[in-house]
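Since the structure comes first, as structure tokens, the remarks are kept for the end.
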Amino acid sequence: MLISCFSTNSAIKGNDILNNISLNNFIFNFNLLIKEKYLINSLLNSFIVSIFASLLSVFMSSMAGYGYMICEKNKKIKKLYLFSFFPMLIPSFILIIPIFLIFNSLNLIDTYIALIIGSISVSFNIYLFKQNSKLLPIELLKIARIDGLSEFSIYKKIYIPCMKPVFVTALLLSFLESWNALLIPSVIARSKEMFTNTLFLNSLGTIWSSDYGLLMISLIFSTIPIIVLFIIFQKNFKSGINISN
């Protein structure tokens, strides 16, 4: 993908990339990219949707994980916990029509609210928080309750600080999933002004023709935010993954 940015569309199609690598080709492809009208707008939309969707996803899943932890001995709660994984078994394409009908009836098609709600995913994060909650010392929670702290205060003052690496891991994974989402946004976003980055990338090519040089450099630019986030939070991310194992 990176090498293709330094080549031409005809060379990529002709499988002759290595013989047509030059900085001029990269500059040409880059100029084509910055001339795209909806580039900045699509990146901004993706940031807005991914940030809010990941924050909501982590908040809901962490609250659920904490709730499942303190009610672990309740058999009904255990069944509810297992049921929370059911959405992971449903293919996304099955939900296209119901999602469209629901948002259309609420007049939310082509809005940020629908894009954000459609990008929220909590099943895996619930598992992540529930499993890591077992590492919290029960005695600490009991002492906090004896001191008069409410469950929400315990969640805010004890649970969140102790689970910081898991929160970072869940945020990064949720952000990545929202950033790469294509199917659900394609149902919700009707106008190009509301296109996310993946929809913008998808619009660059057609069945009949595609400029692969432009497409490759666009893909590179779309991965930069993800790479930067993982570099910044890699220590917490590694800790969260290690704790999960």
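Values quoted throughout were computed directly from the atomic coordinates according to the rules given, and no laboratory measurement underlies them. Nothing here was measured: the structure is a model prediction, and the numbers come from that model. Cβ: placed from backbone, ideal geometry, glycine included. Neighbour counts: every protein chain shown.
Shape analysis of the chain places it in the prolate category; the axes a ≥ b ≥ c from the Cα gyration tensor give an a/c of at least 1.5, with a/b above b/c. A straight line joining the Cα centroids of segment 24-94 and segment 134-206 runs 7 Å.
Would you kindly state how much longer the chain becomes between Leu182 and Asn74 on full extension, computed as 0.36 nm times their sequence separation minus their alpha carbon distance, in nm to one decimal? Residue separation times 0.36 nm, minus the Cα-Cα distance, leaves 35.0 nm. With the simple model of a label 7 Å out from the Cα in the direction of the Cβ, Glu193 to Leu149 spans 4.7 nm.
Spacing of the modelled spin labels on Asn19 and Ile3, each 7 Å from Cα toward Cβ, amounts to 1.4 nm. Neighbour counts of C-beta atoms inside 10 Å place Ile99, Ile217, Ile94 in the sequence Ile94, Ile99, Ile217, starting with the fewest.
Taking every C-alpha pair closer than 8 Å and separated by at least 6 residues, the mean separation divided by the residue count of segment 37-202 gives a relative contact order of 47 percent. Of the residues Val122, Val228, the one with the fewest other Cβ atoms within 10 Å heads the list, and the complete ranking is Val228, Val122.
Summing +1 for each Lys or Arg and -1 for each Asp or Glu, what net charge is found among the other residues whose Cβ lies under 15 Å from the Cβ of Lys79? It works out to a net charge of +4. Peptide packing for 25-33, 105-113 was compared via the average number of neighbouring C-beta atoms within 10 Å per residue; ordered from the highest value, the list is 25-33, 105-113.
Comparing Asn202, Asn180, Asn20 in a Gaussian network model of the chain (Cα springs below 10 Å), the most mobile by mean-square fluctuation is Asn20. If you run the Gaussian network model on the chain, springs between alpha carbon atoms under 10 Å, then out of Leu43, Leu201, Leu89 the most flexible one is Leu89. With respect to the chain, whose longest principal axis is taken over its alpha-carbon atoms, helix 123-133 is tilted by about 40°. Each of Thr169, Thr8, Thr223 has some number of other Cβ atoms within 10 Å of its Cβ, and from fewest to most they run Thr223, Thr8, Thr169. Between Phe86, Phe167, Phe129, the Gaussian network model of the chain with springs among Cα atoms under 10 angstrom shows the greatest mean-square fluctuation at Phe86.
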